[in-house]
Amino acid sequence: MARFPRTEPKIAELASLLAEGLESASDDFPRPPVAAGELQAQLDAFNEADFAVTAAYAEAYERSRLKDQALAKLMESMKADLRYAEYTARKAPEKLTQIGWGQRRERRRLEHPGEVRNHRIAGEGDTWIALAWKAPADGGAAGAYAIERHAEGGSWEAVATVMHTKHRLVDQPRGVELSYRVVAMNKVGTGTPSATVTAVL
């Protein structure tokens with residue numbers, strides 16, 4: 001038994017064949033629930049609506065392209081005026097507030113990241129373990145995270161460095177009690193290690 005198509009083009013193609021077939025084979029299929037003419041009318045309505053959607057998408061794309069061009073030109077002009085204003089008012093930068101601008105902000109000094117929060121085991125298997133955590137709530141922004149591990153009686157060792165707040169470690173030793181922790185890092189240095197989680201795979 002054939003399967004009903006899933007994509008719009010295939011559905012439309014089958015509808016056309018079905019309408020034509022019911023019309024030409026009316027002796028074999030004399031009383032279909034939906035007559036061939038009605039089916040063709042519905043197909044025509046769909047094709048008309050589909051064409052309208054395609055045209056609308058094309059128009060929306062063009063309008064969006066024109067909007068982006070206009071925005072880029074506006075931004076370029078604004079930046080030119082702001083550079084001029086900053087240079088002109090360099091001895092009295094407070095005057096920049098008259099044009100909705102202000103003095104350049106001093107760059108904030110980057111700090112060490114804080115402690116990773118809510119460190120937990122998100123899943124585990126025979127030789128793998130998935131860890132998840134939340135970014136520190138204080139200190140500087142974390143640029144990366146180091147996952148550290150140690151076996152009972154051993155020392156901490158780095159086993160992965162990741163950019164996201166979850167990671168799956170594979171090829172982990174089996175039958176050994178393993179502890180894991182996460183340390184946030186940035187250009188300044190490292191934060192306080194997270195709470196430890198323990199598992200035996």
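The numbers here are math on the coordinates, done by the rules we state, and not lab data. On a predicted model such as this, the values are computed, not experimentally measured, just so you know. Reconstructed Cβ throughout: ideal geometry from the backbone, glycine too, with neighbour counts over all protein chains shown.
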> Do the sum for the chain: with -39,500 (n - 2.57) for every DSSP H run of n ≥ 4, divided by all residues, what is the mean residue ellipticity at 222 nm, to the nearest 500 deg cm²/dmol?
Replying inline: -12500 deg cm²/dmol
>> Which residue, L43, A58, I11, has the largest displacement toward the positive end of the dipole of segment 8-79 when charges sit on each Cβ (Lys, Arg +1; Asp, Glu -1)?
In response: A58
> Excluding same-chain residues fewer than 8 positions from K10, which aspartates and glutamates have a Cα within less than 16 Å of its Cα?
Replying inline: E20, D44, D50
> Which trypsin sites (Lys or Arg not before Pro) does segment 112-181 hold that lie in a coil by DSSP with at most 10 other beta carbons within 10 Å?
Replying inline: R174
>> Just to confirm the filter: which GluC sites (Glu not before Pro) across segment 36-121 are DSSP coil and have at most 12 other Cβ within 10 angstrom of their Cβ?
In response: E106
>> Take the chain, mark every one of the chymotrypsin sites (Phe, Trp or Tyr not before Pro) that falls in a DSSP loop and has at most 15 other Cβ within 10 Å, then report the longest stretch left between them, sites excluded.
In response: 1-127
>> Please compute the length gained on full extension between E76 and Q42, using 0.36 nm multiplied by the number of residues separating them and subtracting their Cα-Cα distance.
In response: 7.2 nm
> Using alpha-carbon positions, what is the distance between the centroids of segment 141-188 and segment 18-94, in Å?
Replying inline: 48 Å
> For segment 155-198, how big is Rg over Rh, using alpha carbon atoms and the Kirkwood form of Rh?
Replying inline: 0.97
>> As a test of understanding, state the convex hull volume per residue of segment 117-200 from its alpha carbons, in Å³.
In response: 82 Å³
>> 7 Å from Cα along Cα→Cβ at both D171 and D126: what's the point-to-point distance in nm?
In response: 1.7 nm
>> Tell me the label only: which of [x] 49; [y] 74; [z] 62 is percent of Cα pairs over 21 Å apart as calculated from this structure?
In response: [y]
>> From the P(r) of segment 8-79, could you give the percentage of C-alpha pairs in the tail past 18 Å?
In response: 60 percent
>> Please list, by residue number, every one of the GluC sites (Glu not before Pro) in segment 148-201 that is coil in DSSP and has at most 16 other beta-carbon atoms within 10 Å.
In response: E152
> Hey, what angle do you get for helix 8-24 against the long axis of the chain, alpha-carbon based, 0 to 90 degrees rounded to 10?
Replying inline: 10 degrees
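How high is the FRET efficiency from Y57 to D138, r the C-beta distance, R0 35 Å, rounded to 0.05?
After rounding to 0.05, the efficiency reads 0.15.
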